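Peer 1: Here it is, the structure in full.
The values are calculated or read from the model by the stated rules, or taken from the named source; none is laboratory data. No experiment lies behind these values; they were computed from the predicted model shown. Glycine also receives a Cβ, built like all others from the backbone with ideal geometry; neighbour counts cover every protein chain displayed.
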Amino acid sequence: MPEDKVEQLLSAYLDGELTQADQQRVRIRLEDSDETRQQYGELMKLREVTESMSFAPPPEGRMEELEQRLSVQTPRRLGWVFFLLGAIALAAMAVITFATSPDIPPWRKLAISGVGMGFALLLASVARQRWLELPHDRYRGVRK
């Protein structure tokens, strides 16, 4: 019997998962081979050590928090990325169409562009201010 087959059978023998014929083959091999007996002894020690190990349970609510974070936040962030990319693409197409349209008089283009640029600058300044204040926001960690 090849050595790799013996190692697989030893583990299954220790777990009581072999057929009667394979159990007999392993018993015969254990009787005949010192090396196989040594491997079996090592497997038994390993099993005893792993069975006696104890693991501390995770803190209360930690697993739920991790599951919530993974199942909700990741798709939500991905949704925001797709939404923003699509909105930017649509806005770029609208600006290009607006700027190249021969039907709109130049003075209307300037007026509409001024309103759009003003809105964009206001939005950018508010976003920048929020971004700079974010590390100092004392209500940041407060939950509902």
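Peer 1: Taking the options Ala12, Ala21, Ala87, name whichever one is free of Cβ contacts under 8 Å to residues at least 12 places away in the same chain and more than 37 Å from the chain's Cα centre (by Cα).
Peer 2: Numbers: Ala12 fails: more than 37 Å from the chain's Cα centre (by Cα); Ala87 fails: more than 37 Å from the chain's Cα centre (by Cα).
None of the other options fit; the residue is Ala21.
Peer 1: Sticking with this structure for a sec: Consider Val81 carefully, then state whether it is β-branched (Val, Ile, Thr), modelled with pLDDT of 90 or more and part of a helix (DSSP H, G or I). It would help to see each step written out before you state the result.
Peer 2: Working: β-branched (Val, Ile, Thr): yes; modelled with pLDDT of 90 or more: yes; part of a helix (DSSP H, G or I): yes.
For Val81, the condition - β-branched (Val, Ile, Thr), modelled with pLDDT of 90 or more and part of a helix (DSSP H, G or I) - is met.
Peer 1: Moving on to the next point. Taking region 113-144 on its own, how many of its residues are β-branched (Val, Ile, Thr) and assigned to a helix (DSSP H, G or I)?
Peer 2: Taking region 113-144 first, the residues β-branched (Val, Ile, Thr) are 115, 126, 142.
Checking the rest, the ones that are also assigned to a helix (DSSP H, G or I) come to 115, 126.
Residues in region 113-144 being β-branched (Val, Ile, Thr) and assigned to a helix (DSSP H, G or I): 2 in total.
Peer 1: Could we say that Pro135 is out of contact with any helix residue (DSSP H, G or I) (no Cβ under 8 Å at 6 or more places or on another chain) and closer than 21 Å to Ala91 by Cα here?
Peer 2: no
Peer 1: Another one. Within region 16-73, count every residue that is among the basic types (Lys, Arg) and either more than 30 Å from Lys5 (Cβ to Cβ) or in contact with a Gly (Cβ under 6 Å, 6 or more places away or on another chain) (or both).
Peer 2: Pass one, region 16-73, residues among the basic types (Lys, Arg): 25, 27, 29, 37, 45, 47, 62, 69.
So of that shortlist, the ones also either more than 30 Å from Lys5 (Cβ to Cβ) or in contact with a Gly (Cβ under 6 Å, 6 or more places away or on another chain) (or both) come out as 62, 69.
Going through region 16-73 one residue at a time, the tally reaches 2.
Peer 1: Could you please give the count of residues in region 7-31 that are part of a helix (DSSP H, G or I), surrounded by 10 or more Cβ atoms within 10 Å (Cβ to Cβ) and of a type in the set (Asp, Glu)?
Peer 2: Total meeting the criteria: 3.
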